[in-house]
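Comments concern the structure below.
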């Protein structure tokens, strides 16, 4: 595909070369009164204007591309940190129903479907629940790494992470395996579980999450985590 941005600097360079050649081979005292002199002067002025236009167009093009890149990155972040974990839960075949329900205590139907039910764990259920838990914790680590490139916003992600952190099953896996993750991820996880304990179970009132998220985002410990990750 033809790129119109490339022809502008090329055209400018050709004009400058032509002007330089004229200055070398034509005698100055004769050249200044010729039509060629007028033409070169006009073309030189046009070259400056075109070059300035090129700078503006390049800047606009870069800003547009950055916006597109950020939108694409946001879509990838949502796919990886939100849709993929939920897909794992939907397709789980061995994880216990109460484990799955515990990750969404704001879902009243799930809560009552598994209320007071204790499914006998198996090796396969333990392994599948551990894998799902690791994916969720890894989402927290990925968020800390990628959050500056994402349009979604911290409030949305923390709201989601707090729901997961209400799960006592996730907390158990986290306590056993958290040292496999970066210290900043551990610090974020500890903070999430601390705040999640303040949310009642089941949690049908969405305002409770919103209020908790606001407090969470103001916590100096969270700001220290963000600073430690270099953002």
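Given 37 °C and 0.692 mPa s, compute D for segment 155-231 with the Stokes-Einstein relation, Rh being the Kirkwood radius over Cα pairs; round to the nearest whole µm²/s.
On the way: Rh = 12.9 Å.
Answer, rounded: 254 µm²/s.
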Per-residue Cβ neighbour rank within 10 angstrom, fewest leading, 125, 45: 45, 125
Ascending count of other beta-carbon atoms within 10 Å, so fewest first, for 221, 96: 221, 96
Nitroxide proxy distance, nm - points 7 Å out along Cα→Cβ at residue 52 and residue 119: 7.0 nm
Residues 56, 173, sorted so that the one with the fewest Cβ neighbours within 10 Å comes first: 56, 173
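Could you tell me what % of all Cα pairs in segment 92-231 have separations over 17 Å? It would help to have the intermediate numbers written out before the result.
On the way: 5859 of 9730 pairs.
Roughly 60 percent, once rounded to a whole number.
Every read-out reported here was derived from the displayed coordinates using simple, explicitly stated rules and does not represent laboratory data. Note that the structure is predicted; figures quoted are calculated from it, not measured. Cβ coordinates were reconstructed from backbone atoms using ideal geometry, including for glycine residues, and neighbour counts include every protein chain displayed.
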